[in-house]
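Here's the structure, in structure tokens; my notes come after.
Rule-based calculations on the coordinates, nothing more; no lab input. Only a predicted model underlies this, so the values are computations on that prediction, with no experimental measurement involved. Heads up, the Cβs are rebuilt from the backbone with ideal geometry, glycines too, and the neighbour counts pull from every protein chain shown.
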Amino acid sequence: MNKAESELLMYNKLILEKVSFDKRLFWKEYRKGIKKLTAHESLMFRSWIIDKYGLRGKTAARNKKINKKINIGIDQ
């Protein structure tokens, strides 16, 4: 699919927004959703989670690497 953001990626974001009240359910849905995305979409998905929910620590450091990969267009 050549859309800027696939329907599956948007769907996964919607699901996480709806279950964000429960940390355990949130990460369960994250793991389910990430399996169905392409490599590039999964990078975008992870970056969105970090931006939206303000995750810190190791995840924040990883976010810099993710954003760099997205910006240079690596999708493998």
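Each peptide in 23-34, 38-49, 8-19 receives the mean, over its residues, of other Cβ atoms within 10 Å, and ordering these scores from highest gives 38-49, 8-19, 23-34.
Once the Cα-Cα distance is subtracted from the 0.36 nm per residue extended length, the Asp22 to Ile34 segment shows a gain of 2.5 nm.
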